[in-house]
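First up is the structure itself, then whatever we jot down about it.
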Amino acid sequence: MKAIVYSEYGSPDVLHIEDIDKPVPEDNEILIRVCAAEATKADCEIRSFHFAVIWFWLPFRFAMGLLKPKKKVLGGYFSGVVETVGKNVTKFKPGNQVFGSTQIKFGAYAEYLCLPDSFTIVPKPKSMSFVEAAAVPLGGLNALHFMTKANIQKGDKVLINGAGGSIGTFALQIAKAMGAEVSVVDSSIKEEVLRSIGADHFFDYSKEDFTKSGQSYDVIFNMVARSSYSKCIKLLKPGGRYLIGNPRVSDMLRSFFTSKFTSQTASFAFAGEKEQELLELKAMIEVGTIKSIVDKVYSPEQVAEAHRRVETEQRLGVVVINMENS
Ligand SMILES: NC(=O)c1ccc[n+]([C@@H]2O[C@H](COP(=O)([O-])OP(=O)(O)OC[C@H]3O[C@@H](n4cnc5c(N)ncnc54)[C@H](OP(=O)(O)O)[C@@H]3O)[C@@H](O)[C@H]2O)c1
């Protein structure tokens with residue numbers, strides 16, 4: 001089968017198409033024909049081994065391969081069609097249209113993908129194309145995780161810093177559905193699309209420092225690495241919640257003291273990406289509460305261009321690789 005592979009860490013040009021063995025499902029696995037996969041920030045960070053927060057580097061390098069990548073096929077989030085199932089699988093049948101997460105197995109940048117049936121894989125929303133569905137799991141699961149943790153009440157004032165990315169666009173829509181008044185921070189090119197999915201107030205970070213706006217918030221969700229912890233905490237109302245998507249070690253330590261010794265809470269927990277949460281997102285999509293914002297769709301041959309688009313941050317929403325388009 002055809003797959004997008006990389007054999008060394010580096011620029012987007014290390015990605016290329018190769019013929020590799022088609023995987024064969026074990027008894028508890030399903031074989032999925034991949035239709036589309038999101039090109040994520042995480043794929044780019046792992047390919048180049050440059051991370052916004054430095055503490056990731058060492059544990060990840062051991063996990064992913066010290067000198068060269070152990071897993072040659074990237075891609076953590078996909079949509080596709082079940083091709084065959086192992087003999088113990090009862091949850092899926094050939095022909096089922098699904099979307100989900102490969103967790104740290106990666107492998108979605110390929111024609112076929114084999115995953116245990118216990119992974120977070122659920123029926124694709126009928127109202128969505130495969131491309132739109134592949135743009136959901138990363139952003140949707142992380143956003144739902146953090147917005148649930150934020151315990152948003154109707155009328156709460158919520159600020160999302162870095163709202164124009166994969167996670168932020170879903171966090172904004174979910175916070176609005178929970179009844180919040182939402183302020184967002186991102187670059188000006190994203191204002192129109194963010195307002196169209198519900199943003200009440202917009203800060204262009206290149207012109208305005210939201211920490212000096214004089215506003216206070218019940219919830220701040222911060223996706224921007226190296227943001228000032230103390231400036232964000234100062235904007236919180238008593239009882240406010242600060243959620244950090246990209247924490248530094250110092251943020252993690254300070255969040256313990258904030259939560260223990262003040263009325264405010266700071267947390268940075270990673271999303272568990274549970275099946276129940278993806279089903280919840282599917283239900284929200286089907287009633288029209290949330291949708292994916294797809295920026296551009298690339299063919300597998302254009303994967304280097306897709307990664308460049310993710311890295312240069314000119315995109316409005318999610319970049320998707322259409323695996324059927326080669
Ligand atoms: N905690 C977790 O479980 C978890 C899981 C997945 C990912 N993450 C991390 O969370 C971060 C967000 O993920 P994502 O996939 O949503 O990333 P993304 O798609 O790259 O979104 C980040 C957004 O932040 C904007 N931005 C950059 N600098 C900014 C600034 N100074 N102020 C305000 N906005 C700014 C970017 O816009 P520009 O175009 O202007 O740069 C972009 O729209 C990533 O760094 C990722 O590694 C955390």
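Dipole of the chain computed with +1 at Lys/Arg Cβ and -1 at Asp/Glu Cβ about the Cα centre; of 10, 235, 65, farthest Cα towards the positive end is 235.
Quick one: dipole size for segment 147-255, taken about the Cα centre, charges +1 on Lys/Arg Cβ and -1 on Asp/Glu Cβ, in debye to the nearest 20.
It comes to approximately 400 debye.
Based on DSSP, what percent of beta bridges with both residues in segment 52-202 are antiparallel, to the nearest 5? Bridges in segment 52-202 are about 55 percent antiparallel.
Between residue 1 and residue 49, the distance separating the two model label sites (each 7 Å from Cα on the Cα→Cβ line) works out to 2.8 nm. The helix-based estimate of mean residue ellipticity at 222 nm for the chain, built from -39,500 (n - 2.57) per DSSP H run of four or more residues and divided by its residue count, is -8000 deg cm²/dmol to the nearest 500.
Using a simple spin-label model with pseudo-atoms 7 Å out from Cα toward Cβ, residue 62 and residue 269 lie 2.5 nm apart.
Across segment 192-282, Cα pairs under 8 Å and at least six residues apart give a relative contact order of 22 percent.
Tell me, rounded to the nearest percent, the portion of alpha carbon pairs in segment 205-293 spaced more than 21 Å apart.
On the way: 1753 of 3916 pairs.
Every Cα pair in segment 205-293 considered, those over 21 Å come to 45 percent.
Considering only alpha-carbon pairs that sit under 8 angstrom and 6 or more positions apart, the relative contact order computed for the chain is 20 percent.
Taking the accessible area of segment 47-161, probe 1.4 Å, and keeping the other protein chains in place, the carbon and sulfur fraction comes to 60%. Rounded to the nearest 20, the Cβ-based charge dipole of the chain about its Cα centre (Lys and Arg +1, Asp and Glu -1) stands at 920 debye. Let me make sure I get this right: for segment 200-239, a, b and c are the square roots of the gyration tensor eigenvalues over alpha carbons, sorted descending. Under 1.5 in a/c it's rounded, otherwise prolate if a/b > b/c, else oblate. Which is it? Judged from the Cα gyration tensor, segment 200-239 comes out oblate (a/c at least 1.5, b/c at or above a/b). Once a ≥ b ≥ c are taken as the square roots of the eigenvalues of the Cα gyration tensor of segment 170-319, is the result rounded (a/c under 1.5), prolate (a/b larger than b/c) or oblate (a/b not larger than b/c)? Cα axes put segment 170-319 in the prolate bin. Helix 166-177 and the longest principal axis of the C-alpha atoms of the chain enclose an angle of approximately 60°. The long axis of helix 275-286 is offset from the longest Cα principal axis of the chain by roughly 80 degrees. The tail of the calculated P(r) for the chain, taken as Cα-Cα distances beyond 37 Å, holds 16 percent of the pairs. Only Lys, Arg, Asp and Glu carry charge here, each on its Cβ (+1 for the first two, -1 for the last two); on that basis segment 95-160 has a dipole of about 260 debye about its Cα centre.
Counting only DSSP beta bridges whose two residues both lie in the chain, roughly 55 percent are antiparallel. Along its three principal directions, the equivalent ellipsoid of segment 281-326 from the Cα gyration tensor extends over semi-axes of 24, 14, 6 Å, largest first. Here segment 207-321 has 54 percent of its accessible surface on carbon and sulfur atoms, given a 1.4 Å probe and all protein chains in place.
Computed on the Cα atoms alone, the convex hull of segment 1-140 gives a volume of 112 cubic angstrom per residue.
Per-residue extension of 0.36 nm, minus the Cα-Cα distance of residue 259 and residue 118, leaves a gain of 47.3 nm for this segment.
The values are calculated or read from the model by the stated rules, or taken from the named source; none is laboratory data. Since the structure is predicted, the reported quantities are computational estimates derived from the model, not experimental observations. Counting neighbours? That spans all protein chains shown, and the Cβs are built from the backbone with ideal geometry, glycine included. These area figures cover heavy atoms from the full protein model, side chains too; ligands, DNA and RNA do not enter into them. Shrake-Rupley method; radii C 1.70, N 1.55, O 1.52, S 1.80 Å.
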